[in-house]
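Have a look at the structure below before the remarks.
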C-alpha cells in the first residue's frame, strides 16, 4: 500500500494527471501504428513510381515523427529525440525525391528511415 501511495504521489508531483500519462502513451502507440501503415503505403507507392502518393505518405510520416520528437523531448530522451530528428530529415528527403521522380533516391532514403525507426524500437523507449 505504501508503495502504491508513493507511486501516485510521484505521478501527481510530476505535474501530469495520472490519466494523462496513460493517454499520452496510448496516443504515441497509435502514432506508431499509423506510421507503420504509412511506411507500407510509401513502399507500395515508390514501387509503383507514384511520386505524388509517395510524397503524401512521406509527408504524413514526417508529421508523425514531429509529434514523436516532441513526445520524447518532453521525456528528455535525447537519444530517441535524435533518432526522430534524423528520421524526419529522411522523410523530408523522400518527399523531395518522390516529387522529382527520383524514385531510387527516395527508396534509398526510405530504407534508411526504416533502419532508423528499427534502431529506435530496438532501444524500447516505451519501457522508460
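Couple of notes before you dig in:
- Residue within the range 77-89 that is closer than 13 Å to residue 42 by Cβ and buried (at least 19 other Cβ atoms within 10 Å of the Cβ) present: yes
- No other residue among 85, 43 is within 16 Å of residue 125 (Cα to Cα) and at pLDDT 95 or above apart from 85.
- Filtered residue count, the range 112-128, keeping only those that are surrounded by 12 or more Cβ atoms within 10 Å (Cβ to Cβ) and over 13 Å from the mean Cα position of the chain (by Cα): 2
The values are calculated or read from the model by the stated rules, or taken from the named source; none is laboratory data. All of these numbers come straight from a predicted model, not from anything done at the bench. Ideal geometry is used to build each Cβ from the backbone, glycine not excepted, and the neighbour counts take in all protein chains shown.
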